[in-house]
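Novice: So that we are looking at the same thing, I have put the structure below in structure tokens.
The values are calculated or read from the model by the stated rules, or taken from the named source; none is laboratory data. Values in this document were obtained by computation on a predicted structure and should not be read as measured data. Ideal geometry is used to build each Cβ from the backbone, glycine not excepted, and the neighbour counts take in all protein chains shown.
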Amino acid sequence: MNNKYTQIEIKILKAAKNIFLKKGMGGARMQDIANQAEINKSLIHYYFKNKQTLYEIIFNQVFSIVAPKINRIINDDSSIENIIRNFTVSYFSFRQRHPHLSTFVIHELNENPGFFEKLKTHAEFPNIDKFKAQVDKEIQQGILIPLDAEQLFINIISLNIFPFIAEPFIRGLTNCDQRTYKALLNSRKTEVADFIINSIKRK
């Protein structure tokens, strides 16, 4: 936590993060945060004015964890195959360490598109220009089949994220208990990458 905050502010922010990750902006109440921090609600208003102020601080903190990892992988000086494999392994490992963060970011961006415009000025906001250039280069070299780089990026994101955000739905369809589903997700670290790479590489 940033050392510009006092101890009481850090306590409030930690409580707010827990509540926002569980309930999102719409479902969270200042009283929930006060209860979690074990302080009076008026004290939160004294330090942070309102829920929106708290939310934007927390969202930026969470985004600053998620975004740099995406940026480092997709802007790596490597082949598209390596980028796909690194993204898949890194994303699944990240989800195991931070199970709620990426889902929170995706949900909140969809709920608050206006706030998304603010984030686009963030220094760590992901940029896929280098990724697109590498895709075009490998198409010209005959490594990849002709394809749209943006569609490929959407496929990479979707195939990695969907099994986590749709876990209850998929477990219901596949009749998986939690332990079996966890093993299924672990196998997808290589399964997803193999599937995408086999579909785009020139035979």
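Novice: How many residues, within the range 101-132, are surrounded by 11 or more Cβ atoms within 10 Å (Cβ to Cβ) and either outside any loop (DSSP other than H, G, I, E, B) or in contact with a His (Cβ under 6 Å, 6 or more places away or on another chain) (or both)? Don't jump to the end; show me each part of the working.
Specialist: Step one: of the range 101-132, the residues surrounded by 11 or more Cβ atoms within 10 Å (Cβ to Cβ) are 101-109, 111-112, 115-116, 118-119, 122, 124-128, 130-132.
Now drop any that are not either outside any loop (DSSP other than H, G, I, E, B) or in contact with a His (Cβ under 6 Å, 6 or more places away or on another chain) (or both), which leaves 101-109, 111, 115-116, 118-119, 130-132.
So the count comes out to 17.
Novice: Of the residues Y5, Y55, Y46, only one is within 24 Å of F116 (Cβ to Cβ) and either free of Cβ contacts under 8 Å to residues at least 60 places away in the same chain or touching a strand residue (DSSP E or B) at 6+ places or on another chain (Cβ under 6 Å) (or both); which?
Specialist: Y55
Novice: So, in the range 29-49, how many residues would count as being assigned to a loop (DSSP other than H, G, I, E, B) and either of a type in the set (F, W, Y) or more than 18 Å from I10 (Cβ to Cβ) (or both)?
Specialist: Filtering the range 29-49 for residues assigned to a loop (DSSP other than H, G, I, E, B) gives 29, 38-40, 49.
Okay, now just the ones that are also either of a type in the set (F, W, Y) or more than 18 Å from I10 (Cβ to Cβ) (or both), so 29.
Going through the range 29-49 one residue at a time, the tally reaches 1.
Per-residue answers, yes or no, for (1) hydroxyl-bearing (S, T, Y); (2) modelled with pLDDT under 95; (3) not assigned by TED's automatic domain parsing to the domain that holds T190:
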| position | (1), (2), (3) |
| --- | --- |
| E81 | no, no, no |
| Y91 | yes, yes, no |
| R97 | no, yes, no |
| H107 | no, yes, no |
| F125 | no, yes, no |
| I139 | no, no, no |
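Residue-by-condition table, conditions (1) at pLDDT 85 or above; (2) closer than 25 Å to A166 by Cα; (3) touching an Asp or Glu at 6+ places or on another chain (Cβ under 9 Å):
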{"residue": "D32", "(1), (2), (3)": "yes, no, no"}
{"residue": "Q36", "(1), (2), (3)": "yes, no, no"}
{"residue": "I57", "(1), (2), (3)": "yes, no, no"}
{"residue": "P68", "(1), (2), (3)": "no, yes, yes"}
{"residue": "I74", "(1), (2), (3)": "yes, yes, no"}
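Novice: Okay, next question. For the range 144-180, which residues satisfy the criterion of being under 20 Å from V89 (Cα atoms), of a type outside the set (V, I, T) and part of a helix (DSSP H, G or I)? Can you show your working first?
Specialist: Keep residues of the range 144-180 that are under 20 Å from V89 (Cα atoms), which gives 152-167, 179-180.
From what's left, of a type outside the set (V, I, T): 152-153, 155, 158-160, 162-164, 166-167, 179.
Hits for the range 144-180 are L152, F153, N155, S158, L159, N160, F162, P163, F164, E167, R179.
Novice: Has the range 63-77 got any residue that is touching a residue at least 24 places away in the same chain (Cβ under 8 Å), touching a strand residue (DSSP E or B) at 6+ places or on another chain (Cβ under 9 Å) and of a type outside the set (G, A, S)?
Specialist: So far as the range 63-77 goes, no, none of its residues is touching a residue at least 24 places away in the same chain (Cβ under 8 Å), touching a strand residue (DSSP E or B) at 6+ places or on another chain (Cβ under 9 Å) and of a type outside the set (G, A, S).
Novice: Moving on. Filter the range 22-56 down to the residues that are of a type in the set (A, V, I, L, M) and surrounded by fewer than 18 Cβ atoms within 10 Å (Cβ to Cβ) and list them by number.
Specialist: To start, the set of residues in the range 22-56 that are of a type in the set (A, V, I, L, M) comprises 25, 28, 30, 33-34, 37, 39, 43-44, 54.
Matches in the range 22-56: M30, I39, L43.
Novice: Before we move on, is L21 part of a helix (DSSP H, G or I), within 23 Å of H107 (Cα to Cα) and modelled with pLDDT under 90?
Specialist: On the way: part of a helix (DSSP H, G or I): yes; within 23 Å of H107 (Cα to Cα): yes; modelled with pLDDT under 90: yes.
It is true that L21 is part of a helix (DSSP H, G or I), within 23 Å of H107 (Cα to Cα) and modelled with pLDDT under 90.
Novice: Return yes or no: is Q151 among the polar types (S, T, N, Q) and either touching a strand residue (DSSP E or B) at 6+ places or on another chain (Cβ under 9 Å) or under 21 Å from I139 (Cβ atoms) (or both)?
Specialist: So Q151 passes the test.
Novice: Give the number of residues within the range 1-18 that are loosely packed, with under 13 Cβ neighbours inside 10 Å and part of a loop (DSSP other than H, G, I, E, B).
Specialist: Narrowing the range 1-18 to residues loosely packed, with under 13 Cβ neighbours inside 10 Å: 1-4, 6-7.
Still in the list and also part of a loop (DSSP other than H, G, I, E, B): 1-4, 6.
Here the count works out to 5.
Novice: Is at least one residue of the range 171-181 in contact (Cβ under 8 Å) with a residue 40 or more places away in the chain and aliphatic (A, V, I, L, M)? Reasoning before the result, please.
Specialist: Let us first name the residues in the range 171-181 that are in contact (Cβ under 8 Å) with a residue 40 or more places away in the chain, namely none.
No: zero hits.
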